[in-house]
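Report on one structure; see the data block that follows.
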Amino acid sequence: MRFQNKTVLITGSSRNTGLELAEHFLMEGARVALHGSSPETVAKGAAVLRARGLTNFIELPVNIGNKDAIDKMFGVIREKLGRLDILVNNAVDQCCGYTLDTLTWERFSEAIQINVTGTFYVTREAVKMMKEQGNGVIVNFSSNVSRRAIRNRIAYCTSKGGIDGLTISMALDLAPFGIRVNSVAPGYIYTERWTTLTEEHKLRRRTNVPLGRESTGKTIADVVMFLASDDSSGMTGERIVVDGGCTRQLMPKDVDV
């Protein structure tokens, strides 16, 4: 198993893709810090893992938009895990449905606080532990919206541009300490939000993906685990796109006629 005796913190791992990541790391021998924004979401994710026979994890309900809460979280990680080998920055505030004139200062700031500032500070604290060990791996979640925008997602698109900047900057700064930093940029992923879509809407999305299908949690987990493992030991500062070819087309299929 690639991650035997390794410890992993995955932010936003109590549901959807993050929970899938937690499951895969656990199945490959890692001890996982399961994180979510509230005790309820973390308890629900923990119950799913236990139902699948996976128990080698600790539970961390923490708002990563709050510096003091992050400090306390790392106190728990030090106490219960003793080390941190891998950090996956997956937590995100999607901040959907706002136009420029309806997005308030407070809502924009909240999304940036979680998506960028929180990611920065979680990474900063993780790096302290990794430096003590002389090595470590960080995988950030970018998105294609950092380069091609989605309508009515101004804060989200802005924050993912910030993640790209953080990734390349941290990769350079941390390379001398044996710490690698890369990112994965997913396209469509089947999550619980898809359950609200009509079958017609789902079909249209799939039609516009060159490979004809959205990613699953496993699709993304496979790439994240590659970046977190020694299989990618020569990589840092890189951004891997996993979108079924969406950004390699000039126009989506249903208008490319």
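The values are calculated or read from the model by the stated rules, or taken from the named source; none is laboratory data. In this text the structure is predicted, and so the values were computed from the model without any measurement. Counting neighbours? That spans all protein chains shown, and the Cβs are built from the backbone with ideal geometry, glycine included. Side chains are part of the model used for accessible areas, which takes the heavy atoms of the whole protein and leaves out ligands, DNA and RNA. Shrake-Rupley method; radii C 1.70, N 1.55, O 1.52, S 1.80 Å.
Just a few scattered comments:
- Pair list, Cβ under 6 Å, 6 or more apart: region 12-34 residue of a type in the set (Gly, Ala, Ser), other residue part of a loop (DSSP other than H, G, I, E, B) and open to solvent by 10 Å² or more (accessible area, probe 1.4 Å): GLY12/ASN90; GLY12/ALA91; GLY18/GLY12; GLY18/ASN90; GLY29/MET1; GLY29/GLN4; ALA30/LYS6
- Output for region 19-50, where each listed residue is touching a Gly at 6+ places or on another chain (Cβ under 9 Å), assigned to a helix (DSSP H, G or I) and either open to solvent by 10 Å² or more (accessible area, probe 1.4 Å) or at pLDDT below 95 (or both): LEU19, GLU20, GLU23, HIS24, ALA43, LYS44
- Entry remark, region 195-239: residues being of a type outside the set (A, V, I, L, M), in contact with a Pro (Cβ under 7 Å, 6 or more places away or on another chain) and within 27 Å of THR167 (Cα to Cα) number 1 in total.
- Filter result (free of Cβ contacts under 8 Å to residues at least 40 places away in the same chain and open to solvent by less than 70 Å² (accessible area, probe 1.4 Å)) within region 103-136: THR104, SER109
- A Cβ distance below 6 Å, combined with a sequence gap of six or more or placement on separate chains, defines the contacts here; from region 161-176, residues that are under 13 Å from VAL127 (Cβ atoms) and in contact (Cβ under 8 Å) with a residue 40 or more places away in the chain reach residues that are hydroxyl-bearing (Ser, Thr, Tyr) and surrounded by 13 or more Cβ atoms within 10 Å (Cβ to Cβ) in the pairs ALA171/THR236; ALA175/THR236.
- Inside region 7-36, residues that are under 16 Å from VAL76 (Cβ atoms) and among the small types (Gly, Ala, Ser) make up a count of 4.
- Residue within region 117-126 that is in a strand (DSSP E or B) and under 15 Å from the mean Cα position of the chain (by Cα) present: no
- Entry remark, region 77-102: residues being out of contact with any Ser or Thr (no Cβ under 6 Å at 6 or more places or on another chain) and open to solvent by 30 Å² or more (accessible area, probe 1.4 Å) number 13 in total.
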